[in-house]
Amino acid sequence: MNPITSDALPAADFDAVHIGLVSISDRASSGVYADEGLPALRDWLASALRNSMRFTERLVPDERETIAQTLRELVDEAGCDLVLTTGGTGPAVRDVTPEATIDVADKLMPGFGEEMRRISLHFVPTAILSRQVAAIRRSTLIINLPGQPKSIRETLEGVRDAQGQVTVRGVFTAVPYCIDLIGGPYMETNPEVCAAFRPKSAQRRPR
């Protein structure tokens, strides 16, 4: 495993958020090529969230127990509020990220995987081969994302028309309220990138 911790620019008016990022790839973790998943996740979150963020990052091979242990560590020891994984969600023999996520789950959140596949089908017919899942462990939301940077952005941000207007919302729209419900920090998004949805009764002003 390759541990990395970094801090984004502070945003003092909002709750601080600790986010775990996990890129899963045999070849990237062994140095065959540079990992693209962690930078893609970090860059998108930096554009989408207004909170101050602390990232704890891991680059691991496609090994079920290694992935599961990494998720346990990020939740149970590091105390991440949100964990995003990228890679290992297809039908190939070595693609075991969903199984590892299920291994550590207290609750499954099937709507995330269903919606990610629906979004991706706007771009590629092979989206039906994706097996992403999402789960809650303790008070942390874990979401499996695709392996390609472009697909990561599309599933998080949604489908846009030729004028750049969102026609199908991305899955991150539901993430802040989900984290509210499981006792995490109040997350504020940049509406130009991803407009989070909360019922009026759950909205609050920044501190």
Inset, instruction - Please state which of the following conditions Ala100 fails to meet, knowing it meets all the rest: (1) within 22 Å of Ala28 (Cβ to Cβ); (2) assigned to a helix (DSSP H, G or I); (3) in contact (Cβ under 8 Å) with a residue 40 or more places away in the chain. - result: (3)
Inset, instruction - Pairs only if they're at least six apart or on different chains, beta carbon under 7 angstrom, first in the range 148-167 and of a type in the set (Lys, Arg), second in a strand (DSSP E or B) and open to solvent by less than 100 Å² (accessible area, probe 1.4 Å); list them, first residue then second. - result: Arg160/Val166; Arg160/Thr167
Inset, instruction - Examine the range 101-115 for a residue that is farther than 22 Å from Thr140 by Cα and either open to solvent by 60 Å² or more (accessible area, probe 1.4 Å) or in contact with a strand residue (DSSP E or B) (Cβ under 7 Å, 6 or more places away or on another chain) (or both), and state whether such a residue exists. - result: no
Inset, instruction - Of the numbered conditions (1) open to solvent by less than 40 Å² (accessible area, probe 1.4 Å); (2) over 17 Å from the mean Cα position of the chain (by Cα); (3) among the hydroxyl-bearing types (Ser, Thr, Tyr), Ser201 fails exactly one; give the number of that condition. - result: (1)
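Here's the yes/no breakdown for (1) basic (Lys, Arg); (2) under 16 Å from the mean Cα position of the chain (by Cα); (3) surrounded by 14 or more Cβ atoms within 10 Å (Cβ to Cβ):
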{"residue": "Gly147", "(1), (2), (3)": "no, yes, yes"}
{"residue": "Gln163", "(1), (2), (3)": "no, no, no"}
{"residue": "Arg169", "(1), (2), (3)": "yes, yes, yes"}
{"residue": "Pro176", "(1), (2), (3)": "no, yes, yes"}
{"residue": "Glu188", "(1), (2), (3)": "no, yes, yes"}
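Among the residues of the range 74-86, what is the count of those that are of a type in the set (Asp, Glu) and crowded, with 17+ Cβ neighbours inside 10 Å?
Looking only at that region, the number is 1.
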Inset, instruction - State all residues of the range 1-24 that are modelled with pLDDT of 50 or more, of a type in the set (A, V, I, L, M, F, W, C) and open to solvent by less than 80 Å² (accessible area, probe 1.4 Å); if no residue qualifies, say none. - result: Ala11, Phe14, Ala16, Val17, Ile19, Leu21, Val22, Ile24
Legend entry - Residue in the range 47-71 that is farthest from Leu156 (Cα to Cα), counting only those that are assigned to a helix (DSSP H, G or I) and touching a strand residue (DSSP E or B) at 6+ places or on another chain (Cβ under 7 Å): Thr66
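When you scan the range 87-97, do you find a residue that is open to solvent by less than 20 Å² (accessible area, probe 1.4 Å), at pLDDT 95 or above, closer than 20 Å to Leu181 by Cα and in a loop (DSSP other than H, G, I, E, B), even just one?
Step one: list which residues in the range 87-97 are open to solvent by less than 20 Å² (accessible area, probe 1.4 Å), which gives 87-90, 97.
So of that shortlist, the ones also at pLDDT 95 or above come out as 87-90, 97.
Filter once more, so that each one left must be closer than 20 Å to Leu181 by Cα: none.
Within the range 87-97, none of the residues are open to solvent by less than 20 Å² (accessible area, probe 1.4 Å), at pLDDT 95 or above, closer than 20 Å to Leu181 by Cα and in a loop (DSSP other than H, G, I, E, B).
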Inset, instruction - Give me a count of the residues in the range 25-38 that are open to solvent by 10 Å² or more (accessible area, probe 1.4 Å) and in contact with a Pro (Cβ under 8 Å, 6 or more places away or on another chain). - result: 5
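The values are calculated or read from the model by the stated rules, or taken from the named source; none is laboratory data. Quantities reported herein were computed from a predicted structural model and do not represent experimental measurements. Using ideal geometry, Cβ is built from the backbone for each residue, glycine included, and neighbour counts are taken over all protein chains shown. Heads up: the accessible areas ignore ligands, DNA and RNA and are worked out on the full protein's heavy atoms, side chains in. Shrake-Rupley method; radii C 1.70, N 1.55, O 1.52, S 1.80 Å.
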